Every structure is written in C-alpha cells, then in structure tokens.
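Below is one structure, written out as structure tokens, with a few remarks after it.
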Amino acid sequence: MAHGTHACDATVTSGTRAGDGVPEVAIRPAPETWRGLIGRARADETARLFRRELGLPEDRPVIMSGHQAQVWHPGILAKLLALDGAAGSLNACAAWVVVDHDDNDSLALRAPYITSEGRLAVQTLGPTAQAAPDVPACRQPAWAAGGTFAFPAGGTPAAPGVNAGLEHIRAALARNASSSDAASQVAAATIDLARPLAATPVMVRATALARTELFANVVARMRRDPRACADAHNAAVRAFPHDRVAPLAVDTAGGNHELPLWTIGTASGSKRNRVYANELETVDVLTLAPRALLLTGLMRRAGCDLFIHGTGGERYDRITDLWLRTWLGESLAPTAMVTASLRLRVPGCWPSAAHIARAAWTAHRALHDPALVGDPASASAKRSLVERIRAARYKSRERSDLFLSLHALLDRSRREHADALAALARDAAAMRSRAGEAGIAADRTWPFPLYEADQLLALRDAVRARFAQVP
C-alpha cells in the first residue's frame, strides 16, 4: 500500500473496507414506552432527600445515565443524546453520573494512524504516564494540556477529522486545566465537546454519594450484617452466570466478608482498595465509594425514575435488581438501553482474519498442489499417482515406488515454479504482518470528536428522530 494513497495492493485486494460512517442506533424498549416507565414516580422521603443532597430536582422526573470520566466513544455519546431527547419530550430532568472513582486512565486517547510504511496502527496519546495503577481518576491530577498530540514520525491520521478532533480535545482539556482532579477535568471537557450536540445535563459525581444519608444507612446495614449483604449479592450473581460479574469473597471462618465498596482515600495519588467487613468499624464513610452494582442500585432506588444503560449495564443490572430486592426489599426504577455504532471513514482496504488465513493456506497448499502455481500437467499427474497409491496393496513394493514417484514429481514442480511459490509465501507473510488492521478500520470505540462533524450530526439526528413522536 503506497503511503498516503491508501490504494489496495495485491496483498489486500480482497480486504475489508471501513464503510461509509453511517450510524447504527439501538434503543430498547421503544422510546414510545418511556413515559409509562417514568410514570412510577419515586416520591418517598428517601428519594426526596437523596435528590436534594445530590442537587437533583424534586418537582419532575429524573432520567439518568452516566459513564467513567473519559472522552466517550459514539456508543456512550448516544446515551447522552437519548437522555437529552427523552428529557425534552417527557419534561424530565436529564442527569449524568460521572463514575469518578474508577481507576481508568481518563486522559488516555486512542487514535488510528497510517505508519510511514503504510500500515494501519493505533497510538495512545495524552499524559498516560501519570495514571498510576489502582489510583482512581478523582485522585489523579488534572493535566495542563500543553503542546499538541502527535503521531510517531512519518505517521498520518487514518481518517478525515482525526487531527482536528484531537486538537478539539486538547483545547477542551486546556480550558478545564484548573480542575481539582483528572476526573473533573475530563468530565467537564467531554461535556464541552458534546455541547453542540446535546444540552448539558445535571452532573453528579459518583463520589458525592458518600455524603448522602441513603449511602450511610446502607453502609450501616452492611456493618450490622455483612454476611447477608454478601450472600444476597452472590446469589444474584449466580442467577446470571453469563454476565461475568465476580462474586464477593465470603470468609466463612472469620466473618471478614468482602463488601461492594471501595476505599479511595482523600489525598491525591491515593489508591483504590476493596473493603472488608472488619474495616467498617473504623473507616470514614466519606472515604468510601460504591462499586458498580451498588452505584446504579442506589441511583435507581432514589436518584432517578429511569436509568439509561449501554449493553453491558443492561445485562449486569439484572443482578442489581435481584440483589437489592432480596437484601433490602427494595424495588428499583426501570432501565432502558441505548447504544450506537459509528465507524471512522478510514479509506483503503485492510486484510481481514479470513483473508490472512486464506493466504497462509494457499502458500502451504501450493507446495503440494501444482495447479495453484499454474502447472496443470503436473497436477493431473499427481492425481493419477494418488489414485494408483490408493489402489495399491498396503506396504507393497508397488505402493512404495508410487510414493517415491509422487515426491519426485512434486520436487520437480517446486523447482520449476520456485518463483511463484516464493511470491505466495511473501504474500502470506505480508498478510500476517498486517493482522489486526481490519479490526482497527472497523473499530467503533474511538473518542467521538475524532469523527467528522456530519457523522456526529447524523448520529444526533438519528437519536432525536426516535424521540420526536413520543406521546
């Protein structure tokens, strides 16, 4: 592939093209049913107090979604777009939970580029070295966002919009460089970047739950009977084994059971640690944070009237429903699922796994099938010898001589067509060296600012259209 042209060469003639960048949106249940879902208002005093503590309104329904602090891919952006569309259609408050205590590298940015050799590759940009293992984003420092993002020497962006998108991200981070931590900076920058597409929701940091009465009461319940919490959690996990949620560790001998909490400390650089029952007598509740199931469970118990998940959350929150119903006797607000697939317009074509395997098979098979190197006469002679070998008596002198003739024929054909065989081997090796490029071209998880403006507008319009006729 000539660098800069992205034209298909002989190696990837049958490769995979990235498509035209048209969004695919999935929403369930249908938006037309959402008014009925949020009609089950959670108007008890627990919900009213919880919403006041988190800065959420009490005078109208709350529709909520959220994600870790990072520049989202279009599938997560689709949740924000649906949140915006639903709130407008249903006269509800849109709220977004920033999972700021996750230990993800919130400032890392993946971007595709073409190497100086014409290969499709991925570069991780941003100050990734500052993200120490196990340190949550809320305890990582904000970044000054100086300079520019650059690909390795000779590298060029793999699709239109990538360079401009990286600069938009850098500028948004720079505008929020005075934030108290990386989670705050990235969350604010991401909302800035999404503002042309959706109204800004009420932002709720997951760590804010530690200051609520509901969270304190739940922690006190764990302190009184940690085994009941762990057993109910694990029974719910076992009920949905395909959702791949890890059970809590149960210490049957000593009673020091694992609990669905993290400690995150208070100082910058503090690590996130699992919490066990014997720590709850002395730990400061303000240094605790809920793990994933408990986080959405509390939000659905008191913070919202509908929670919008992606595909992963849609599955695992079935466990949350069963767990909190069994352990606390609580019913939770309903959920919906929203996601989208949108691919960069990566020009050119790229070898798929099937084409790589086919090239390897052809190179190997050609050593034994002269027809594949343009030698039909030898191929016919081989078939005749094979038939005679099959007909000959096992371990006979005739069978042995026929085998020797077969190998001599193949050796002669290989010598005569050595150049063609070498070319097939080179093609197979070249294909193998490009394994994974088709996956890069088809990836749907790039930061959304890297996509072209018309693609993002098309995604916005596709989601809006689903809510335009909501009764």
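The values are calculated or read from the model by the stated rules, or taken from the named source; none is laboratory data. Here the structure is a predicted model, which is why all the values come from computation and not from measurement. Glycine gets a Cβ as well: all are built from the backbone with ideal geometry, and neighbour counts include every protein chain shown. Areas reflect the complete protein model, heavy atoms only, side chains present, ligands, DNA and RNA absent. Shrake-Rupley method; radii C 1.70, N 1.55, O 1.52, S 1.80 Å.
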Original post:
What are the residue pairs meeting all of these: first residue in region 146-175, first residue free of Cβ contacts under 8 Å to residues at least 40 places away in the same chain, second residue open to solvent by less than 20 Å² (accessible area, probe 1.4 Å) and not in a helix (DSSP H, G or I), Cβ atoms under 6 Å, and 6 or more apart or on different chains?
Top reply: ARG170/ALA145; ALA174/ALA145
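Confirm whether LEU280 is at pLDDT 95 or above and not aromatic (Phe, Trp, Tyr). Walk me through it before giving the result.
Values: at pLDDT 95 or above: no; not aromatic (Phe, Trp, Tyr): yes.
Here the answer is no, as LEU280 does not meet what is asked.
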Original post:
So which of ALA267, ALA189 ends up being part of a helix (DSSP H, G or I), small (Gly, Ala, Ser) and either open to solvent by 10 Å² or more (accessible area, probe 1.4 Å) or modelled with pLDDT of 95 or more (or both)?
Top reply: ALA189
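Search region 193-244 for residues being hydrophobic (A, V, I, L, M, F, W, C) and part of a loop (DSSP other than H, G, I, E, B), and hand back the single one that is surrounded by the fewest Cβ atoms within 10 Å (Cβ to Cβ). So that I can check it myself, show each step before the final result.
Of region 193-244, the ones hydrophobic (A, V, I, L, M, F, W, C) are 193-194, 197-199, 202-204, 206, 208-210, 214-216, 218-220, 222, 228-230, 232, 235-237, 239-240.
Applying the additional criterion that residues be part of a loop (DSSP other than H, G, I, E, B) yields 197-199, 240.
Values: LEU197: 19, ALA198: 22, ALA199: 12, PHE240: 14.
For region 193-244, the residue satisfying everything is ALA199.
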**OP:** Would you confirm whether any residue within region 335-348 is surrounded by 13 or more Cβ atoms within 10 Å (Cβ to Cβ), in a helix (DSSP H, G or I) and out of contact with any Pro (no Cβ under 8 Å at 6 or more places or on another chain)?
**Re:** no
Original post:
What's the number of the condition ALA408 fails, among (1) loosely packed, with under 14 Cβ neighbours inside 10 Å; (2) assigned to a loop (DSSP other than H, G, I, E, B)?
Top reply: (2)
**OP:** Mind counting the residues in region 405-457 that are more than 30 Å from THR115 (Cβ to Cβ) and touching a residue at least 60 places away in the same chain (Cβ under 8 Å)?
**Re:** 1
Original post:
Any idea which residue in region 50-93 is farthest from VAL162 (Cα to Cα), counting only those that are of a type in the set (S, T, N, Q) and out of contact with any Leu (no Cβ under 7 Å at 6 or more places or on another chain)?
Top reply: ASN91
Original post:
Considering region 129-143 alone, what residues qualify as being loosely packed, with under 12 Cβ neighbours inside 10 Å and either of a type in the set (Gly, Ala, Ser) or out of contact with any Lys or Arg (no Cβ under 9 Å at 6 or more places or on another chain) (or both)?
Top reply: ALA129
Original post:
If a residue has to be open to solvent by less than 60 Å² (accessible area, probe 1.4 Å) and part of a helix (DSSP H, G or I) to count, how many in region 381-395 make the cut?
Top reply: 6
